[in-house]
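J.: Sharing a structure, written as structure tokens. Questions coming.
The values are calculated or read from the model by the stated rules, or taken from the named source; none is laboratory data. All figures in this text were calculated on a predicted structure; none of them were measured in a lab. As a convention, Cβ positions derive from the backbone with ideal geometry for all residues, glycine included, and neighbour counts pool all protein chains shown.
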Amino acid sequence: MNGGGRGGRKPSRPAARTAPADFALPETTTPALPAVEAFGDLDMPEALLKTLAAQGVTTPFPIQAATLPNSLAGRDVLGRGRTGSGKTLAFGLAVLGRTAGRRAEPGKPLALVLVPTRELAQQVTDALAPYATSVNLRVSAVVGGMSINKQAATLRRGVEVLVATPGRLKDLIERGDCALGQVRVTVLDEADQMADMGFLPQVTALLKQVEPDGQTMLFSATLDRNVDRLVRGYLSDPVVHSVDPSAGAVSTMEHHVLYVADETDKKAVALRIAAREGNVILFLHTKRAVDRFTKRLLANGVRASGLHGGRSQPQRNRTLEQFKSGEVTALVATNVAARGIHVDDLDLVVNVDPPVDHKDYLHRGGRTARAGESGRVVTLVLPDEKREVARLMSDAGISPQTVAVRSSSEELVTITGAREPSGVPVVIAPPVQVPAQRKSSGGRPSGGGNASGTGGAARRRGRGGRGRRGGQSRSAAA
């Protein structure tokens, strides 16, 4: 199956317009194809079906079952689903299925996946690598914080499926290392965050460079008025599907608001939660706060590490590997980890500092209760934050359980598994800062030429156990 056109030229895209006050889903003119019950019912290369079975992915998640018949047929798709609902394979299998059998010229990818963050780019590349290999396609990631020269070299060798952050892709195009004129399938993943981060001008400029009669898919955990410009301007008669519209709708996720008396008590509560048995992600507002709290945890015997935008990409990758392997049990992070981070069996997320808005809350919480697993989201709230947090929860459609706690409260133990830290300082080997000229972008072909150098890890993880929901592995639920 190749990525040819849909039997006719795509209608010209209307000029983008100013977003209205509220986002309204577009009406679909052409009826959508019905959902399937099994991957075998899809018009997809046999090699992809065999790889799905080998990876333990046996039953499609709802968003996959609903969108794949249409995306494989070449339809534009607007899909909404929370992180962990299976969006990555929902668009990834369509991208690979429609690109299989073609070969890219140097510097001219055939399919493009745009994502807002480096972490999400790596996660998407990891997830698609084994499937791309099965159909002889090369998938590569280009992101900031890594060697642009090595990424350019990878592109010159040829890449069929390019996963990119807008800024780095723009740089590569301006250098003459990449051209998008042969891209027939384009995906915008987490488009709302790209809009929130100010990437819309870059994204729209990139979309104008792909084949005008190609296919466009937009997948996101939330849809709001910031995305309207992209939907109205670049999707033609899209199939619309919405599943798990917010983290608050997930039946396996619990939401707790813990009222603390003051800043001192909040720090004591957060420390005891971080010392729990099992992994936990704790979100704070600033890089400085993350670094300070991480040092406090380490001094008290908690195996912790910090993750924020001040770290280089190799450092961030190393920190995540430490967390996934169990070398680190408490990941202290800014919003950089709110999307694009997948850790199996993570059952607790803590907002030490409440998020700014409900979308940040939903995406922080989306790190837990993935792929049908259970999880809890806990938010620590000071007296002067009560009204703001109540409004945030209302906007998110969540009715949390609330209780006032102190660091010694039994309720704190029941909800979070908090315990007294050992008090014996621990040392975690810091992520190594790699000089820019030595940063590896995974130039050697591994999993189809994965620029982030993680395709092999993806395949190793893919051979692991199956998830509990419909027989699909948790790693496939990105």
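J.: Within the stretch 393-427, how many residues turn out to be touching an Asp or Glu at 6+ places or on another chain (Cβ under 7 Å) and among the aliphatic types (A, V, I, L, M)?
T.: So the answer is 2.
J.: Quick check on my filter: what residues within the stretch 101-132 are surrounded by fewer than 22 Cβ atoms within 10 Å (Cβ to Cβ) and out of contact with any Cys (no Cβ under 8 Å at 6 or more places or on another chain)?
T.: The answer is GLY101, ARG102, ARG103, ALA104, GLU105, PRO106.
J.: Report yes if some residue within the stretch 382-389 is modelled with pLDDT of 80 or more and buried (at least 20 other Cβ atoms within 10 Å of the Cβ); otherwise report no.
T.: yes
J.: While we're looking at this one, here's another question. Please give the number of the condition ASN226 fails out of (1) of a type in the set (S, T, N, Q); (2) at pLDDT 95 or above; (3) assigned to a helix (DSSP H, G or I).
T.: Going through (1) of a type in the set (S, T, N, Q); (2) at pLDDT 95 or above; (3) assigned to a helix (DSSP H, G or I) one by one, ASN226 breaks only (2).
Residue by residue, here is whether (1) aromatic (Phe, Trp, Tyr); (2) in contact with a Leu (Cβ under 6 Å, 6 or more places away or on another chain); (3) within 21 Å of THR334 (Cβ to Cβ) holds:
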position: LEU112; (1), (2), (3): no, yes, no
position: GLN123; (1), (2), (3): no, no, yes
position: GLY144; (1), (2), (3): no, no, yes
position: GLN151; (1), (2), (3): no, no, no
position: VAL159; (1), (2), (3): no, no, no
position: LEU169; (1), (2), (3): no, no, no
position: PHE199; (1), (2), (3): yes, no, yes
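J.: Of the residues PRO238, PRO212, which is surrounded by 23 or more Cβ atoms within 10 Å (Cβ to Cβ), at pLDDT 85 or above, closer than 19 Å to ARG75 by Cα and not polar (S, T, N, Q)?
T.: It is PRO238.
J.: Hey, another quick one. Of everything in the stretch 132-155, what is touching a Gly at 6+ places or on another chain (Cβ under 7 Å) and not aliphatic (A, V, I, L, M)? Give them in sequence order.
T.: Listed by number, the residues that qualify are THR133, ARG138, SER140, GLY144, LYS150, THR154.
J.: Let me ask something additional. Give me the strands (runs of 3 or more DSSP E) completely within the stretch 103-193, filtered to those with at least 2 residues that are β-branched (Val, Ile, Thr) and within 21 Å of ASP76 (Cα to Cα), ordered by residue number.
T.: Once the strands (runs of 3 or more DSSP E) in the stretch 103-193 are filtered for at least 2 residues that are β-branched (Val, Ile, Thr) and within 21 Å of ASP76 (Cα to Cα), what remains is 161-164, 185-189.
J.: Related question: Quickly run through the stretch 187-209 and pick out the residues that are within 20 Å of VAL239 (Cα to Cα), crowded, with 24+ Cβ neighbours inside 10 Å and not acidic (Asp, Glu).
T.: VAL187, LEU188, ALA191
J.: Restricting the stretch 273-287 to residues that are part of a helix (DSSP H, G or I) and in contact with a helix residue (DSSP H, G or I) (Cβ under 7 Å, 6 or more places away or on another chain), which is nearest to GLY310 (Cα to Cα)? Lay out the reasoning, then the answer.
T.: From the stretch 273-287, those part of a helix (DSSP H, G or I) are 273-274, 287; that's our starting set.
Narrowing further to those that are in contact with a helix residue (DSSP H, G or I) (Cβ under 7 Å, 6 or more places away or on another chain): 273-274.
Working: ILE273: 25, ALA274: 22 Å.
Going through the qualifying residues, I end up with ALA274.
J.: Something else: So ALA153 passes all but one of these: (1) surrounded by fewer than 24 Cβ atoms within 10 Å (Cβ to Cβ); (2) over 23 Å from GLN215 (Cβ atoms); (3) under 20 Å from the mean Cα position of the chain (by Cα). Which condition number does it fail?
T.: Failed condition: (3).
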